[in-house]
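Step one of this worksheet: look at the structure below.
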Amino acid sequence: MESARTPQSEPDFLAGQFEANRDRLRGVAYRMLGSSSEAEDAVQEAWLRLGRQDAGSIDNLPGWLTTVVARVCLDQLRSRTSRREAPLDPLDDTHVPDPIVRRDDADPEQQAVLADSVGLALLVVLETLGPAERLAFVLHDMFAVPFEEIAPLVDRTPAATRQLASRARRRVQGTAPAPDTNAVRQREVVGAFLAASRGGDFDGLLALLDPECVLRADAGATLPGASRVIRGAREVVSNALMFSRAAQFARIALVNGVPGLVTVINGRPLSVMDFTVVDGKVVELNVLADPERLAALDLSFLSE
């Protein structure tokens, strides 16, 4: 005799529930992996596993899906060692996570929603955490998953998992700058930076930067020697002035929900620049200039 079908096990119901949770699952995966494409793959894997599961036996579908995505991401993080070792000091790492770029036509309230409290500066710091620490911090601190549910994922007790998240939290709070939440002010700073860059205005740029400003440029493997980390406002400005010519082709866009710059010349993206603004000053600049990764971004809105 066939088992009784319940509404929870019907394909249309499952598909609808999965779509209702997709944004949350993507958010978990993106914060875990710092890669849009890998995040999408993790979410898709959760959908495939749901198809192989007896859905009628799942009491809490959102929780089950979150757990599956978290496991997939944890496995992915653990397999990264052959590709890139996480440095002890995030400022020594030139890797810039995948940015999420959108049109700059939202009002301030919408921009605040789009920001979703995760900037590239925070993702850079998350890259320095161990896989288990990152999972504990992301799930608990960002998505309010109880430690009792996280513990089995990292093969630890809830108390030990709490300690993992606590260590990660101290690293984040001690390293990642807390950006301003005033989107209007942020856009003014980015606009002033663009204008000063186009005009080669050294003093104007210097006035916009925090004295301890950090610039991180990720040019990928195809441009050897171009990736670098630069510290100090004057050093950052010296390099920013090299951007003057390309700045003529830059435009403001939303990068991870806050104003940033996208440079495209003859239809080819050259860079995406993310700004972290604190108290009206730029404290961190993250620049993705890797041609391969830029080509994978959805920048179709630029031609509209």
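The values are calculated or read from the model by the stated rules, or taken from the named source; none is laboratory data. Predicted, not measured: the structure shown is a model, and the values here were computed from it. A quick note on method: Cβ atoms are made from the backbone with ideal geometry, for glycine too, and the neighbour counts reach across all protein chains shown. Please note that ligands, DNA and RNA were not included when accessible areas were found on the heavy atoms of the full protein model with its side chains. Shrake-Rupley method; radii C 1.70, N 1.55, O 1.52, S 1.80 Å.
Where the accessible area of the chain is counted over protein heavy atoms with a 1.4 Å probe, how much of it, in %, is carbon and sulfur?
Looking at the chain in its full context, I get 51 percent from C and S.
From Cα pairs below 8 angstrom and at least 6 apart in sequence, can you work out the relative contact order of the chain, rounded to a whole percent? Mind showing how you got there, number by number?
On the way: 459 pairs, mean separation 57.3, N = 304.
Rounded, it is 19 percent for the chain.
Under 20 °C and 1.002 mPa s, how fast does the chain diffuse according to Stokes-Einstein, given a Kirkwood radius computed over C-alpha pairs? Answer in µm²/s, whole number.
Approximately 104 µm²/s, per Stokes-Einstein.
Taking only the C-alpha atoms, wrap a convex hull around region 140-250 and report its volume per residue in Å³ as a whole number. It would help to have the intermediate numbers written out before the result.
Details: hull volume 18.3 nm³, N = 111.
In region 140-250, the Cα hull volume divided by residue count equals 165 Å³.
Can you tally the net charge around Val278? Count Lys and Arg as +1, Asp and Glu as -1, for every other residue whose Cβ sits under 9 Å from the Cβ of Val278. Could you put the intermediate results ahead of the total?
Values: positive: Lys281; negative: Asp180, Asp210, Asp279, Glu284.
Within the 9 Å Cβ shell, the charges total -3.
Suppose every K and R has +1 on its Cβ and every D and E has -1 on its Cβ; what is the size of the dipole of the chain about the Cα centre, in Debye to the nearest 20? Provide the component values of the computation, followed by the final result.
On the way: 33 positive and 43 negative charges, 128 e Å.
Using only the charged Cβ atoms, the result is roughly 620 debye.
Want the number for Arg49 to Arg268: 0.36 nm per residue separation, take away the alpha-carbon distance, what's left?
Numbers: separation 219, 0.36 × 219 = 78.84 nm, distance 3.78 nm.
Taking 0.36 nm per residue and subtracting the Cα distance, the gain is 75.1 nm.
List, in order, the whole-Hz ³J(HN,Hα) value for each residue of region 161-178 obtained from phi through the Karplus relation with A = 6.51, B = -1.76, C = 1.60 and θ = phi - 60°; use x for Gly and Pro.
5, 4, 5, 4, 5, 5, 5, 5, 4, 5, 5, 5, 5, x, 10, 7, x, 8
If the chain between Asp155 and Asp41 were fully stretched, how many nm would it gain, using 0.36 nm times the residue separation less the Cα-Cα distance?
Extra length available between Asp155 and Asp41 comes to 38.6 nm.
Starting at the first residue of region 232-243, write each ³J(HN,Hα) from the Karplus equation 6.51 cos²θ - 1.76 cosθ + 1.60 with θ = phi - 60°, in whole Hz, x for Gly and Pro.
Along region 232-243, the couplings run x, 4, 5, 5, 5, 4, 4, 7, 5, 5, 5, 7 Hz.
For labels at Arg80 and Ser300 in the simple 7 Å Cα→Cβ model, what's the distance in nm?
2.8 nm
What number comes out for accessible area per residue over the chain if the probe is 1.4 Å? Units Å², please.
49 Å²
What do you reckon, how do Met273, Met142 stack up by accessible area (1.4 Å probe), largest on top?
So, going from the largest accessible area down, we get Met142, Met273.
Provide the per-residue ³J(HN,Hα) series for region 24-29, in order, calculated from phi with Karplus coefficients 6.51, -1.76, 1.60 and θ = phi - 60°, each as a whole number of Hz, with x at glycine and proline positions.
5, 5, 5, x, 4, 5
Any idea how far apart Met242 and Arg170 come out in nm if each label point goes 7 Å out from Cα toward Cβ?
3.8 nm
Extension gain Ala221-Arg22, at 0.36 nm per residue separation less the Cα-Cα distance, in nm?
68.4 nm
In terms of modelled amide H atoms, which long-range or inter-chain residues lie less than 5 Å from the amide H of Leu270?
Thr263, Val264, Ile265
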